[in-house]
Amino acid sequence: NDVRARASALTRLGNLEALNGNADQAIARYQQAQQDDPAFSGSYIQLGQIYLEQELIDQALEQFKQAVKTAPTNATAQFLLGQASFRKGLLDDAETHLQEAIRLAPTDARAYQWLGQVYTTRSRPDDAITLYQQALEQVSTDRDIRLALASAYRSQQKYDQAVEQYQALLATTPDDADVLTELGVTYQAMGDNAKAQEAFNQVATQAAEQPR
C-alpha cells in the first residue's frame, strides 16, 4: 500500500544518508518511516544498527525489540536483537534470539559466531567450539570466526587443533602479526619454546621492517 511504500522509500533514503556518513539525517529518515508505518520492520532494523554503531546499546535494543515484534520471523531482526542483548550482558535473551535466528536462517554464519560467544562467556567451551565449527561451514575464510575457534580450542588445552586453525589463517595471510603472536602463545603453552620463539621472531622482524 501507499503507507508501506512511503516507509520503505524513506528507509532507503536513510540508508543512503548512512552510507554518506550523515547519521543524523539517516536517523531522521528512519524515524519518519516509523511514524508513517509503525508496522514496517525495516526502519527499526536500520535505526537500531545506527545506534549499535554509536554504542547506544539501550536505544539499539529498543529498535530491535520493535523489529522482532513487528516481524518475528525476520532472521536479521532476531540476530540483531541477540547481538545487542549480548553486548548488554543479557545472556539469556541473547541465547534465545540467536537460536531463533539460526532456526530461521540456518546458513547465517554470524548467528553461529555470536551464539558461540555467548557460550564462551558462559564457560561452555565445547558448545562454543561446535558453534564456531558450524559458522566456518558457512564461511570458511572468516578470520574472526577461525580465531575464536582457535582460542576456544586453546582454552580447552586442545593445542594441536588450535595450531591447525592458526596455520590455516597463515596459509592465506602469512604476515598476520596477530595470528603469529597467538600461534607463538599456543606453542609456548604446549612447551615448544623453539616454535614459539620462531613465531615471535617473525613478528619482531616484520615490525622492524615497518617504516617509522
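The values are calculated or read from the model by the stated rules, or taken from the named source; none is laboratory data. As the structure is a prediction and not an experimental result, all values here were calculated from the model. Because the Cβ atoms are built from the backbone with ideal geometry, glycine has one as well, and the counts that use them run over all protein chains shown. Heavy atoms of the whole protein, side chains included, go into the accessibility calculation; ligands, DNA and RNA do not. Shrake-Rupley method; radii C 1.70, N 1.55, O 1.52, S 1.80 Å.
The table below gives the values:
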| read-out | value |
| --- | --- |
| Spatially proximal aspartates and glutamates relative to residue 158 (Cα-Cα < 13 Å; intrachain offsets below 8 disregarded) | 126 |
| Average accessible surface area per residue within region 58-158, 1.4 Å rolling probe, Å² | 47 Å² |
| Trypsin sites (Lys or Arg not before Pro) lying in DSSP loop within region 98-171, provided at most 14 other Cβ fall within 10 Å | 122 |
| Separation between Cα centres of region 73-92 and region 115-166, rounded to whole Å | 20 Å |
| Relative contact order of region 7-111, defined on C-alpha pairs under 8 angstrom at six or more residues apart (%) | 18 percent |
| Inter-probe distance in nm under a simple model that places probes 7 Å from Cα toward Cβ, at residue 143 and residue 87 | 2.0 nm |
| Relative contact order %, region 68-212, counting alpha carbon pairs below 8 Å whose residues are six or more apart | 12 percent |
| Heavy-atom accessible surface of the chain: percent carbon and sulfur, 1.4 Å | 46 percent |
| Aspartates and glutamates with Cα under 15 Å of residue 65, excluding same-chain neighbours fewer than 8 positions away | 92, 93, 95, 100 |
| Given [x] -0.36, -0.55, -0.66; [y] -0.48, -0.66, -0.75; [z] -0.49, -0.73, -0.87, the label whose value is log10 I(q)/I(0) by the Debye sum over Cα atoms at q = 0.09, 0.11, 0.12 Å⁻¹ derived from this model | [y] |
| Pairwise FRET efficiency - residue 205 versus residue 161, Cβ, R0 = 25 Å, nearest 0.05 | 0.35 |
| Cross-link reach list, aspartates and glutamates versus residue 88, counting only Cα pairs under 16 Å and skipping chain neighbours closer than eight places | 53, 55, 58, 62 |
